[in-house]
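Remarks on the structure that follows.
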Amino acid sequence: MRLRDFLTALPRRLAEGFALLAFGAAPALADPQSFPTPVAPVLREIPPPPLHPALWMVKDEDTTIYLFGTIHALRPGMPWFGGQVAQAFSESATLVTEISNVDGMDTAQTLLGNALLPQGQTLRGKLSVADRAAFDAALARNSIPAAALDRFKPWYAAVVLSSLPLLRAGFKLEEGVEIQLAAKAKAAGKSQEALETAAYQLGLFDSLPEAGQQAYLRQVVDNLDQLTAQIDTLIGEWGEGDADGLAKAMNAEESDAGLTELLLTRRNKAWAEWIKTRLDQPGTVFMAVGAGHLAGPGSVQEQLVAKGLAATRVQ
């Protein structure tokens, strides 16, 4: 998995259906929890320091829109909700996230239509000799049967395979920022809106050409053993509110301009247009999207500047 993907794609219930960070109630088609998990040593719990993720504000005479970058899954006990973030959320009448709290079964059915290969095709049969050997070795290291993912397209295999180190490192979807915010919004009686649909987001990966999907899987296999450490680095930058550091870490491994345009830039442009339009409606909104959308070249803030709007940093 690419570091940028962790911060820009596959939020909330979308992940339930397959497993980049899949720990939800939907019946997963290749559920990583069904694979054997090594027993980890018991370590002494050390409370983490309070986190201070970045927060921006776009404002006109009668409308305020807060922009908050999220992490879609976290380990339990990471204290990120406080300070200006909590204050801004309290002031807001509406929570806006990437997708809504869709029904898990509907998401799984949508996934099934996107992730399965046509009858008679197999994933391992599509791979080159070298890629298949590396893929099989990665499966073996993670105690996954060789044929477990053979019915699925390369992008889905990449997503499932990259979820395993995170599962074993203690990341949980229910600890993710969006789910926590949605629960708080429901308890406070706030309205909730979504920028996209689960079907649209599932289609992003499926729209990749075959060569792009295989390249994605190859990159996951090559970097699988370093994934957890890389994600921890990104979460550290996020928790410190270091948007520049976050962008630098993501851009250091970015090599596919087409995938960046598909998963990041195009969507950021659409969300900037949404913000511009929403400013015509009075009120206060808390907009929470993957942190990668609010960092680096092509960010939502950069797209807003192109529309004559400015986002002010408030935390």
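Bear in mind these aren't lab numbers, they're just calculated from the coordinates by the rules spelled out. Predicted model, so just to flag it, every value in this text is computed and none were measured. Note that we place each Cβ from the backbone using ideal geometry, even for glycine, and neighbour counts take in every protein chain shown.
What's the extension gain from Ala188 to Ala146 if we count 0.36 nm per residue and subtract their Cα-Cα distance? Please list the in-between numbers first.
Values: separation 42, 0.36 × 42 = 15.12 nm, distance 4.75 nm.
Length gained, Ala188 through Ala146: 10.4 nm.
Quick check on the exposure proxy: order Tyr156, Tyr66, Tyr200 from fewest to most C-beta atoms within 10 angstrom. Don't skip to the end; give the middle numbers.
Numbers: Tyr156 28, Tyr66 25, Tyr200 14.
Fewest-to-most Cβ neighbours within 10 Å comes out as Tyr200, Tyr66, Tyr156.
Report the full-extension gain for the segment Tyr200 to Val129: residue separation times 0.36 nm, less the Cα-Cα distance, to one decimal in nm. If you can, show how the numbers build up before the last one.
Numbers: separation 71, 0.36 × 71 = 25.56 nm, distance 3.32 nm.
My answer for the length gained is 22.2 nm.
What FRET efficiency, computed as 1/(1 + (r/R0)^6) with R0 = 22 Å and r the Cβ-Cβ distance, is obtained for Arg168 and Thr233, rounded to the nearest 0.05?
Calculated transfer efficiency: 0.80.
Which ordering of Leu139, Leu195, Leu116 is given by a fewest-first count of other beta-carbon atoms within 10 Å?
Leu116, Leu195, Leu139
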